[in-house]
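What follows draws every value from the coordinates through simple rules; no lab data is involved. Please read these numbers as outputs of a predicted model, since none were measured by experiment. Because the Cβ atoms are built from the backbone with ideal geometry, glycine has one as well, and the counts that use them run over all protein chains shown.
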Amino acid sequence: MENHFETGIANLRQKLLVMASHTEKSVNDAIQSLTQRDHSLALRVKADDDVIDRCEVEIDELAIQLLTKAPLATNLRLVTVAMKISQDLERIGDEASKIAKRARDLSQEPPVKIHLDLPRMAGRALEMLKAALDAFVHHDAPAARAVILRDKEVDALNKDIHAALVEHMVGNPEAISRCLHWMVAAKSLERIADHATNIAEDVVYLCEAQDIRHTGFKSQGGAA
Amino acid sequence: MAEILTPKLTPPEASTATASIGAPLIEIEDVSLYYGASKALKNISLKLDEKVVTAFIGPSGCGKSTLLRCLNRMNDLIDNVRIDGAIKIGGHNIYDGNVDVIELRKRVGMVFQKSNPFPKSVYENVAYGLRLHGVKAKSDLDARIEECLRASALWDEVKDRLHSSALGLSGGQQQRLCIARAIAIKPEVILMDEPASALDPIATARIEDLILDLKKEFTIVIVTHNMQQAARISDQTAFFYIGELVEFGATGKIFTNPSQKRTEDYVSGRFG
């Protein structure tokens, strides 16, 4: 006999994984379009964002239907967490679109002559996103906690890039608009890492029913 | 009293009266029911689709069980009851004077709140209705009984004790046996009056999964006081209040965005 409620829960997980896969690809493509000045790839990221938006709506609809059926314990946490993770993924998709938009504009202008550690920052943000999603798939709270601790590193890289761009703009006023594009792109990467952190916090809640948001876990290096 | 009140072969008229897929199988048209002078159902009109699960919900005394029992004329057994309007199943009014009530109850089976297996073996509980319908050969009986017990998700639990008393089964197993007994004679409709209200959560979950499996073959109407159960198993939900049909629609809508304030108040637990 089929367990119909569990089938619904499995369907929700599956939809979330599909959305995660689209989101991860968008972030990847956005970074590539920025670092490789790929105009057509940047345009594709925007189109892919519609798919991610539709995923969010579908997940919310299914989650609401499942909530009417009174899920309990792990299932209850999964349904509520799914709605939050889908929102974070949708916002990650938006950040990818923002990066792609800046990549599109930058590809039409001469390169800025400045060394930025943006590929490293992008790599870190993407690794955090992948690790948070893996932690969700494998129901792995320790891995999720490890993701949260990495957010500081991305914040620091963003700060360095910001400072370098400000310094460059002071000496090269003709590059201000291009530097601002890079600044916005870096800020979007920093936001992607924040959303990955949110997902990781949700995974800890899913696995352990423990809410570690706003507890100082991150600021105290995981000691809270 | 058996869950399914058996008998006789389908008359030619009824055997050809099947609704097409997607069409309503049951049409309740302006039905009112009186217990003496008291009007318990007030001009109910409702169309129930084939091979879907419809839940009747509402506070005690709202008329949901009364309407359920109208669908196989169980209220005929109560003195001083009068019914106006028409209830058509497969396009034929089951309250027409020439309807064979026993035949009707073969087409429209029923499962009650309290499981009530016969004080016989598991095997004989299912065989009883089949024999009444002329299935005599042991090989035929064996095959059909296994099929019904499998369909009611009971086979694996009873296959080694088919000839033991059905009264030795757990409450949930007894209820599934009653469902097996009901489906043995292949009804079109199964009425269920709070079939899981006396069961623990595990047994309830099994009955709910069973109902969802059975709707592939049967049209099911269920009365339940459990909102979440209605949400889990039904496709359509009808909300009744003091004999009136307040709202009827897709279950997802009834439980997330009902049109009527009384429905909203009831499903939110503000009254009832």
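Once the Cβ-Cβ distance between B:Asp200 and B:Lys136 is put in as r, and R0 is 51 Å, what FRET efficiency do you end up with, to the nearest 0.05? With a Förster radius of 51 Å, E is 0.85. Take A:93-99, A:48-54 and order them by the average number of nearby Cβ atoms within 10 Å per residue, most first; the result is A:93-99, A:48-54. The Cβ shell under 12 Å around A:Asn3 holds other residues with a net charge of -3, Lys and Arg each +1, Asp and Glu each -1. Pairs of Cα atoms nearer than 8 Å and 6+ residues apart set the relative contact order; for chain B it is 27 percent. Each residue in B:Arg270, B:Arg176 was given a count of other beta-carbon atoms within 10 angstrom of its own, and listing them fewest first yields B:Arg270, B:Arg176. Peptide B:227-233 shows a mean partner chain C-beta count of 4 within 10 Å per residue C-beta.
Ranking A:His214, A:Leu106, A:Leu17 by Cα position along the charge dipole of chain A, where only Lys, Arg, Asp and Glu carry charges on their C-beta atoms, puts A:Leu106 farthest toward the positive end.
Between B:Ser170, B:Ser234, B:Ser32, the Gaussian network model of chain B with springs among Cα atoms under 10 angstrom shows the greatest mean-square fluctuation at B:Ser170.
Peptide A:63-72 is shielded by partner chain Cβ atoms: per residue, an average of 5 of them sit within 10 Å of its Cβ. Given a 10 angstrom Cα cut-off, can you work out which residue in B:Gln260, B:Gln175, B:Gln113 is the most mobile in a GNM of chain B? Checking each option, the largest mean-square fluctuation is seen for B:Gln260. What FRET efficiency comes out for the pair A:Leu76/A:Gln108, r = Cβ-Cβ distance, R0 = 51 Å, nearest 0.05? About 0.55, to the nearest 0.05.
A cut-off of 5 Å between modelled amide H atoms, ignoring neighbours fewer than 5 places along the same chain, links B:Val52 with B:Ile220. For chain B, take the longest principal axis of its alpha carbons; what is the angle in degrees between that and the long axis of helix B:171-184, to the nearest 10 within 0 to 90? Compared with the principal axis, the helix lies near 90 degrees.
Take the Cβ atoms of B:Asn43 and A:Asp155, set R0 to 41 Å, and the FRET efficiency comes out at 0.05.
Lysines near A:Lys25 by alpha-carbon distance under 30 Å, same-chain residues fewer than 8 away left out - which ones? Cross-link targets: A:Lys15, A:Lys46, A:Lys84, A:Lys98, A:Lys101, A:Lys113, A:Lys130, A:Lys152, A:Lys159, A:Lys187, A:Lys218. Where does helix B:122-132 land angle-wise versus the long Cα axis of chain B, in degrees 0 to 90, nearest 10? Value to nearest ten degrees: 80. When chain A is treated as a Gaussian network with alpha carbon springs shorter than 10 Å, the biggest mean-square fluctuation among A:Ala70, A:Ala200, A:Ala143 belongs to A:Ala70.
As a proxy for reagent exposure, A:His39, A:His4, A:His115 were ordered by neighbouring Cβ count within 10 angstrom, fewest first; the result is A:His115, A:His39, A:His4.
In plain terms, the residue of B:Tyr34, B:Tyr241 with the fewest other Cβ atoms within 10 Å comes first and the most crowded comes last, giving B:Tyr34, B:Tyr241.
Taking Cα atoms, how many degrees apart are the long axis of helix B:201-214 and the longest axis of chain B, rounded to 10 and kept between 0 and 90? Roughly 90 degrees, rounded to the nearest 10. The spacing between the stretch B:158-228 and the stretch B:43-98, judged by their C-alpha centroids, is 21 Å.
Membrane-span-like helices in chain A, defined purely by DSSP H runs whose alpha carbon atoms cover 27 Å or more axially and whose average Kyte-Doolittle hydropathy reaches -1.0, are A:4-35, A:39-68, A:73-107, A:118-138, A:151-171, A:176-208. Express in nm, to one decimal, how much length is gained between A:Gln36 and A:Glu61 on full extension, taking 0.36 nm for each residue of separation and deducting their alpha carbon distance. 5.2 nm is the gain from fully extending A:Gln36 to A:Glu61.
Calculated mean residue ellipticity, 222 nm, the protein assembly as shown: -18500 deg cm²/dmol, from DSSP H runs (n ≥ 4) at -39500 (n - 2.57) each, averaged per residue and rounded to 500. Between the amide H of B:Ser32 and those of B:Asn43, B:Ile44, B:Asp84, B:Gly85, distances stay under 5 Å, these residues lying 5 or more places away or on another chain, with hydrogens modeled in the peptide plane.
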